[in-house]
Amino acid sequence: MINVDAFAGKTALITGGTGFIGSNLAIKLIELGAKVTIVDAMLPGYGGNLFNLEPIKDRVTLNFADIRDFHALNYLVKDQDYIFHLAGQVDHVLSLTDPFPDIDINIKGTATLMEACKIHNRAAKVIHTGTRGQYGPATKLPVSEDAPTHPRGIYEISNLTAEKIMQIYHDIHGVQCVLLRLTNIYGERHQMQHPRYGVVNWFVRQVVDGQPIRVFGDGKILRDFLYIQDCVDAILMCAQTDAAYGEVINIGVDAPTDFIELAETMIRAAGTGSWEFAPFSPERKAQEPGDFYSDISKIRQLAGWQPTTLLEDGLRKTIEYYRQHKQHYW
């Protein structure tokens, strides 16, 4: 369970806080009584959306700054009890055609943040959300934290590099860091403008729009799909756990689902829809790692967390949200 005392009255900075995970995290922190500051550059196409903060718009401090701006971060990290580092370039396909945003935002931005913490706030607890893509193709399933890392794209490499940078600041400079590797997260407040990342939510858009869900390949690839509220709980339970600092920790689901089952479950949750097979694009095929699902025994042992939302229930909540608010996302 989340310990309310760990966050009530505490200060928290969220980088990328108008985006999908960041906004849901901000809402939960406000509910827990934290004082939340969001920093977001609102870069086009990355999912930043001010409507995401609608439930807390009068209770959160919003700063439009870029994590690569050292002077801004020097100011923003001061007096923060927690720093949740979620800002980054997250477009897998873009990273194949233009590697420089990943290098500039994910690597330079992380180094800028950590240097600001080293100089101005070594007492801050910093939580980073990386990606399961840092592993690359699975050598054994489920994938545990000690699995080899052979990423297949610049996006994943840049996240792994950011993680290594933060490990150095933890080990050498005493800035406490939790290093999370997230699986496929779906749910409310995700960007819905394009299908380049967030495959589950793009399926949701196809269902809501009355279009057939396009399942790539043979539809038998296995993934673990985690509902956003479970993900937020996992992040906070790691943040409140002293033993989690300095550790690499998976956040995922140890019960995999193939894409045909995902599509059929979504249609049941929506009460409407259909699906069809579609070929992989060359870019997606180049990055496709095959079957992947997470070993979550470490987070279960360290933080006492495990997912509680069934896939169909999470999809139903997600579909209901977008049916109600799609004018803010389409």
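Annotations for the structure displayed:
- Some residue of the stretch 112-123 being surrounded by 20 or more Cβ atoms within 10 Å (Cβ to Cβ), closer than 21 Å to ALA41 by Cα and within 17 Å of the chain's Cα centre (by Cα): no
- Residue count for the stretch 77-103, restricted to those that are without any contact (Cβ under 8 Å) to a residue 60 or more places away in the chain, outside any loop (DSSP other than H, G, I, E, B) and over 19 Å from the mean Cα position of the chain (by Cα): 1
- When restricted to residues that are of a type in the set (S, T, N, Q) and more than 22 Å from GLN80 (Cβ to Cβ), the stretch 157-183 contains 4.
- Among the residues here, GLY19 qualifies as more than 21 Å from ALA303 (Cα to Cα), within 13 Å of the chain's Cα centre (by Cα) and small (Gly, Ala, Ser).
- Entry remark, the stretch 21-76: residues being outside any helix (DSSP H, G or I) and either modelled with pLDDT of 95 or more or acidic (Asp, Glu) (or both) number 26 in total.
- Being in contact with a helix residue (DSSP H, G or I) (Cβ under 6 Å, 6 or more places away or on another chain) and surrounded by 13 or more Cβ atoms within 10 Å (Cβ to Cβ) is a property that does not hold for TYR321.
- Extreme residue, modelled with the lowest pLDDT, among residues of the stretch 152-175 that are in a loop (DSSP other than H, G, I, E, B) and surrounded by fewer than 20 Cβ atoms within 10 Å (Cβ to Cβ): ARG152
- GLU115 being closer than 25 Å to ASP91 by Cβ and either assigned to a helix (DSSP H, G or I) or touching a residue at least 24 places away in the same chain (Cβ under 8 Å) (or both): no
- Put simply, of GLY252, GLY217, GLY246 the only residue that is in contact with a His (Cβ under 6 Å, 6 or more places away or on another chain) and either surrounded by fewer than 23 Cβ atoms within 10 Å (Cβ to Cβ) or not β-branched (Val, Ile, Thr) (or both) is GLY246.
- Filtered residue count, the stretch 222-276, keeping only those that are more than 30 Å from ALA124 (Cα to Cα), of a type in the set (A, V, I, L, M, F, W, C) and modelled with pLDDT of 95 or more: 11
- Looking only at residues in the stretch 183-218 that are β-branched (Val, Ile, Thr), in a helix (DSSP H, G or I) and modelled with pLDDT of 95 or more, the one that is farthest from ALA278 (Cα to Cα) is VAL208.
- Matching entry among VAL143, VAL126 (being crowded, with 20+ Cβ neighbours inside 10 Å, over 17 Å from the mean Cα position of the chain (by Cα) and either within 26 Å of ALA34 (Cα to Cα) or at pLDDT 95 or above (or both)): VAL143
- Counting residues in the stretch 231-251 that are without any contact (Cβ under 8 Å) to a residue 60 or more places away in the chain and touching a Pro at 6+ places or on another chain (Cβ under 9 Å) gives zero.
- Condition check for TYR46: farther than 25 Å from VAL175 by Cα, in contact (Cβ under 8 Å) with a residue 60 or more places away in the chain and of a type in the set (Phe, Trp, Tyr): yes
- Residue match in the stretch 286-301 (condition: among the acidic types (Asp, Glu), within 25 Å of ALA34 (Cβ to Cβ) and either in contact with a Lys or Arg (Cβ under 9 Å, 6 or more places away or on another chain) or touching a residue at least 24 places away in the same chain (Cβ under 8 Å) (or both)): no
The values are calculated or read from the model by the stated rules, or taken from the named source; none is laboratory data. Given the structure is predicted, the values throughout are model-derived calculations rather than measurements. Cβ atoms come from the backbone with ideal geometry, glycine included; neighbour counts cover every protein chain shown.
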